[in-house]
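Laboratory data are not the source of any read-out in this text; all were calculated from the coordinates shown. Keep in mind the model is a prediction, meaning the values are calculated, not measured. No Cβ is skipped: glycine too gets one built from the backbone with ideal geometry, and neighbour counts run over all protein chains shown.
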Amino acid sequence: MALLIEDHNCMISYAQLFKATDGFSSVSLIGVGSFGYVYKGVLNNGEKIVAVKVLNIEQTGASKSFVAECEALRSIRHRNLVKILTCCSSVDFEGNDFKALVYEFMPGGNLDSWLHPHGNSIQDEKEYGTGAGVSTYGDVYSYGILLLETFTKKQPTDEMFKDNFNIHYWVQMALRDGVMAVVDPSLLAMEEEKETTTIANNIRSKRCMKDRVQESLDLVIRIGVTCSAGSPWDRMAMNVVVKELQIIKDIYLEGGPQQKKDEP
């Protein structure tokens, strides 16, 4: 059975996806996620390039993830979300269950390729944390790791992380000596350039901007550490994360609550 999210008159089969991805070959593989693999596919005689997310049915929670993703993406439309074109729930040529989601292909690559342009975007295993089964707190963990990766520009799969030592513990330990020890230097260079352009002759304003930048980075990094805690129950709820990030945005742009408190 195949279900199209946008147009119920158009359907896609396992055979079509098999052909589109050259038999789900390693050459077509463009990413590995928590529940399966993502392949680049070509449909309609080369007219349509897509990303095919094939779920690993043997992975615990994969089937629930498939159903939940279909239901969510059927009703959600947002410019920052990759559009889902169709999905396929069928059997392969050997009679095994097969489930896949077909998305619009992103020609610009994914976030990982932008953060680490010289790295390997296909990773054997992704960090997910420990604790109970699949839940929204698993997504909170992933978001926390993403924050740490974005602001440190360090991959969770870097060779420095082994055994029980990971990016979460590395950042958590570094916070004792100050957040600037782990922040990506290129971010600071961008801020210094911005300061030179906007407030070149105002020493006091430059000092205030530097303080705001460091305070904002410290708060964001701490959110990343909390969200990526090993136990799901120690992580922040996403509605709290959103509120905290808004406060950080105010601090960075206008001085926020701290500046107002210091004013006479």
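Structure data summary
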{"read-out": "Exposure proxy order (Cβ contacts within 10 Å, fewest to most) of Arg212, Arg176, Arg222", "value": "Arg176, Arg222, Arg212"}
{"read-out": "Highest-first arrangement of 91-100, 157-166, where packing means the average Cβ count within 10 Å", "value": "91-100, 157-166"}
{"read-out": "In sequence order, calculated HN-Hα J values of segment 41-47 (Karplus, 6.51, -1.76, 1.60; Hz; x Gly/Pro)", "value": "x, 10, 10, 6, 6, x, 7"}
{"read-out": "Cβ-based exposure ranking for Ser90, Ser228, in which fewest neighbours within 10 Å come first", "value": "Ser90, Ser228"}
{"read-out": "Among the listed pairs Lys40/Lys162; Lys153/Lys243; Lys83/Lys154; Lys154/Lys249; Lys162/Lys243, those beyond 27 Å (Cα-Cα)", "value": "Lys40/Lys162; Lys83/Lys154; Lys162/Lys243"}
